[in-house]
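Take a look at the structure below.
Values in this text are rule-based calculations from the coordinates and carry no lab data. Note that this is a predicted model, so its numbers are computed, not measured. A quick note on method: Cβ atoms are made from the backbone with ideal geometry, for glycine too, and the neighbour counts reach across all protein chains shown.
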Amino acid sequence: MPKIKRMISICIIVGCTKKAHARSWCNMHYSRWHTYGNPTAIVRSRDDGNPIHGLRHHSAYETWKNMMGRCYSPARHNFAQYGGRRIRVEPRWHDVRNFVTDMGLRRAGYSIERRDNNRDYSPDNCYWLLTKLQYLNKRPRNSRNFSVNKWAL
Ligand SMILES: [Zn+2]
């Protein structure tokens, strides 16, 4: 029997025994990270029953959910500034799969922003903005107690 060489490194995801390919992940986990921004995206979504396969763990999923809420859920605290002003989400983006295809990964600290605040959420009107900049831009001068996270919603 040939001797097994031990110089091959193994994927760092717990329970995965495949050969590491990039970023210490195997091909499968690397491609999940590349697609969803999370190497264990699909593995973790197996038990949540979500029909949107894996995308619940996409880095931009919460952004999509909050955007839809602002525009279409009158119960949302900030609905008045969005749906209440007839700000809509482009129909193509009602499907989260199209949204993440167009917008790509959300990097940490970034939020979706519209170039023209009177226009809808659409691929040509939206971009990722560092939340910190958005925060400085929108923060009322007298308010010192808002957290960055609140503005990111
Ligand atoms: Zn792996």
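Net charge around PRO123, counting only other residues with Cβ within less than 10 Å of its Cβ (Lys, Arg = +1; Asp, Glu = -1)?
Numbers: positive: ARG92; negative: GLU90, ASP102, ASP124.
Computed value for this residue: -2.
With r as the distance between the Cβ atoms of ASN27 and THR101 and R0 = 22 Å, compute the FRET efficiency 1/(1 + (r/R0)^6) and round to 0.05.
On the way: r = 22 Å, r/R0 = 0.98.
That gives a FRET efficiency of 0.55.
Just grab the label-to-label distance for ARG88 and LEU130, each label 7 Å out from Cα along the Cβ direction, in nm (one decimal).
For the pair ARG88/LEU130, the computed spacing is 3.5 nm.
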